[in-house]
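The values are calculated or read from the model by the stated rules, or taken from the named source; none is laboratory data. This one's a predicted model, so the numbers in the text were calculated from it and none came from an experiment. FYI the Cβ positions are ideal-geometry reconstructions off the backbone, even for glycines, and counts take in every protein chain you see. Note: accessible area is taken over every heavy atom of the protein model, side chains too, but ligands, DNA and RNA are not part of it. Shrake-Rupley method; radii C 1.70, N 1.55, O 1.52, S 1.80 Å.
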Amino acid sequence: GAAAGSGRLSGDRGEIIAPMSAFGGPGRGRVTPMAILGSALLGSASALPAAPPLAIRSASGLEVTVSPDGTWNVTGGAKRWKFRGEVAAGLRGLAASAGSDALGAYREAAFSVGEPGGRRAAIRLYEKVPAAMFVSTFETGGANVDPFPTFRALPRVPYHLSWEGAFFPSSFTKLGADAPWVFFDGDRDAFVLSAASHFVLARTRQGRDGGVECGIDPMIREIPPGYEQRTILFFGAGIGTTLDAWGSALTVLSGKPRPPADDGPELALLGYWTDNGAGYYYKSLPGRTAGETLLEVASRFRREGIPLGYVQLDSWWYPKGRDGGFLDYRAAGPPIFDSDLRDFQKKLGLPLLVHGRWLSRESPIRGEWKTSDRVVVDRRWWAKIAGELSEAGVSTFEQDWLGVRALPERNLSDPEAFLGEMARAFAERSMRVQYCMAFPGDMLESTLYPSVTTCRVSGDRFDKSKWAAFFHGSLLARAVGLRPWADVFRSRELENLLLALLSSGVVGIGDTIGEEDPAAARLAARADGVLVKPDLPIVPTDETLIREAKGRAGPLIATTLSDFGEWKAIYVFAVGAGTKDEAILTPRDLGIRGPSFLFRVDGGEGRRLKETETCRTRFSGSAYWILVPEGPSGVAFLGDEGKLVPVGRKRIASVADDGTLRVRVLFAPGEDAVRLHGFARKRPEVEVEAGKAEPIEYEPRTGEFRLPVRPAS
């Protein structure tokens, strides 16, 4: 189907078109013997016309054309954006083929680059996914030159978003070399360009001529035989939706399952943290060791009715050298611990989450195991550490300082070996890994490792100054399938507690003894410490991203949801830019079809809205709403009035409305009542299948109701 004599190959999965301009004129048809003879008789008097381009179309709406002179074009997206590129080293053996991988069926244009036996390349279009994959394979190895793909220029799109550096702060002006590049317009149409393999080694950069090169870091001079690098170009409608779909494509390609919101103690349960900003970060009770202090914290919290699910030990727990790196990865002696980690954990009675730094220059580990600059890359060492930690009751390992000091040598093997051996060792023990101070490339690399489940998305000690970074960092974390961690705060800080919950990720407090707030803990978790959270991390709306990209002032509005299929609850948090801000909310834009009810959780006010009706509401500082549909039953269900995330599925297990609203409520041991609330056009009739309902409270003027329910046992 790729030779000049072929016609159109079509079907339900796309088509390959090879124009017949060489001998058959401008149309597409059959080459006749007479036409061939005529050309042969001309001889040197008339040179043969150039071979025509190879063109491929996919059922997902993308097109690619590749010319024998090395130029190529990819077209895609609702705006039919065109990407032009070229193969500088020359192109040979252009042919079309088809195949499939984890993303599904594809058609591709494949060719050789440069001298025979040098490199193979392909531009692949997927049939059911709006993505183009650029594949570059070094058949015999060689110099790391002439990266593929090289774009002459990207389409003129008004706005872009990327991330760069440790904690991957976002930017609407810079484009991070190891990060995805997200381009979008005022209609929210978008495309994402990023590496699709070898993420910690890949680089996307702008050339001096304005073009864009995608390949392996040029600091790496030689590439071995058989090395393959991939780059993905992903199209979609909606900025956040396209970014999520791009990230989903990466995890589908690797086969990594996305961690649920209750995966392991650090995601399922309320935790106690001792990192920078916590009450006991490098600090103990007078006359007590650090271990004794934490035992007293756990005892105090139990007496106060605050159910802790685990305890985090930060960098204070192991011995360090003069350069701040760890000397040996074991529990330090007095005044830190009176015993080893295993004995301490048994006394504590809770799982541990432990912190790791970089390797000290003074560490004896360097003489025993394979190391690379400031990290260990030896599979046996990581297996040893994972085994020891598992036996000591550790559920999760936190690798900190990823983007600053915990850095391997910059070569083709060590960056991947560092993260890979770490992830595999803990996976073999059914343990989890958390990234902290990660580069964007580390975040993309996490799509390869099922054991990597959580990451920090903002700087130390969560407070309002970190909120913007938290929201924008969560965009990337959510896309690649990681659950965010905002960092430690105090239990009385209700806005910080709320945002940590809305992250759907880690929720951890760091109170000193005497400042803990049991009432706040009850707003976040059930009596057994199980967190009541939404299904996905909260991220800025498309409208917010467009406004920020334009450089215009205004509130940052972010959303997440509890998704029960046809029935959804949307949570909306707004951060003001001044003392008086206006939030503009429309149910359809937020994903609700039909009539709905918008309730100000932190103000106790609600109003009915039509699907396309816009609610303009003024607020100062911050504001928090829940938007729920008014279903066929005439009831808008707002969930558990006693929780910050009132329809989180660890409290409300299911919701369905087919004319009768059916709700399943979960209770923890020791809980005797939950007060449900919502809006109804008339007084609801209540029926309980298991348990008991108290008399319903209904206010005809406002339509609001409250319903205490109790479990069967």
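Structure data summary
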quantity: Charge tally in the Cβ shell below 13 Å around GLY514, where Lys, Arg are +1 and Asp, Glu are -1, GLY514 excluded; calculated: -2
quantity: Percent of beta bridges antiparallel (DSSP, the chain, rounded to nearest 5); calculated: 85
quantity: Share of carbon and sulfur in the accessible heavy-atom surface of segment 129-175 [1.4 Å probe, %]; calculated: 54
quantity: Per residue accessible area in Å² of the chain, where ligands, DNA and RNA are left out and the probe is 1.4 Å; calculated: 41
quantity: Lysines whose Cα lies under 23 Å from that of LYS610, excluding same-chain neighbours fewer than 8 positions away; calculated: LYS568, LYS682
quantity: Where ARG152, ARG607 fall by accessible area, highest first, once all protein chains stay in place (1.4 Å); calculated: ARG152, ARG607
quantity: Per-residue SASA entry for LEU350, accessible area with 1.4 Å probe, Å² rounded to 10; calculated: 20
quantity: Which label in (1) 103, 84, 40; (2) 100, 73, 47; (3) 81, 73, 52 gives the computed Cα extents along the principal axes in Å; calculated: (2)
quantity: Eligible aspartates and glutamates near LYS384 by straight Cα distance, threshold 12 Å, same-chain separation 8 or greater; calculated: GLU421, GLU428
quantity: Carbon plus sulfur fraction of accessible area for segment 573-676, probe 1.4 Å, in percent; calculated: 45
quantity: Charge dipole (debye, nearest 20) of the chain; +1 at Cβ of Lys and Arg, -1 at Cβ of Asp and Glu; calculated: 1100
quantity: Sparse-neighbourhood loop sites, trypsin sites (Lys or Arg not before Pro) in segment 446-549 - DSSP loop, at most 15 other Cβ within 10 angstrom; calculated: ARG492
quantity: Net +/- balance of residues flanking HIS677 in space, Cβ distance below 12 Å, scoring K and R +1, D and E -1; calculated: -2
quantity: Mean-position separation - Cα centroids, segment 319-367 and segment 492-549, in angstrom; calculated: 30
quantity: Among 436-447, 290-301, the order from most to least packed when residues are scored by Cβ within 10 Å on average; calculated: 436-447, 290-301
quantity: In segment 580-630, the GluC sites (Glu not before Pro) that fall in loop regions by DSSP, at most 16 other Cβ within 10 Å; calculated: GLU611, GLU613
quantity: Subset of LYS370/LYS466; LYS320/LYS643; LYS174/LYS464; LYS346/LYS533 violating a 31 Å alpha-carbon distance limit; calculated: LYS370/LYS466; LYS320/LYS643
quantity: Amide proton proximity set for LEU407, modelled H, under 5 Å, gap of 5+; calculated: ARG374
quantity: 222 nm mean residue ellipticity, helices alone, for the chain (DSSP H n ≥ 4; -39,500 (n - 2.57); rounded to 500); calculated: -5500 deg cm²/dmol
quantity: Positive-end residue of SER413, VAL135, GLY621, charge dipole of the chain with Cβ unit charges; calculated: VAL135
quantity: Neighbourhood net charge (15 Å Cβ-Cβ; Lys/Arg +1, Asp/Glu -1) for PHE344; calculated: -3
quantity: Normalised contact order of segment 387-458, rounded percent, pairs of Cα under 8 Å and 6 or more residues apart; calculated: 37
quantity: Percent accessible area from carbon and sulfur atoms, segment 252-334, protein chains only, probe 1.4 Å; calculated: 51
quantity: Distance between segment 399-431 and segment 636-710 - C-alpha centres, whole angstrom; calculated: 47
quantity: In segment 670-706, the trypsin sites (Lys or Arg not before Pro) that fall in loop regions by DSSP, at most 16 other Cβ within 10 Å; calculated: ARG681, LYS682, ARG701
quantity: Residues with amide H under 5 Å from that of VAL394, placed H, sequence gap 5 or more; calculated: LEU352
quantity: Projected-area mean, segment 164-254, by convex hull of Cα positions, square nanometres; calculated: 7.2
quantity: Global geometry of segment 271-416, whether rounded, prolate or oblate, following the gyration tensor of its Cα atoms and the 1.5 cut on a/c; calculated: prolate
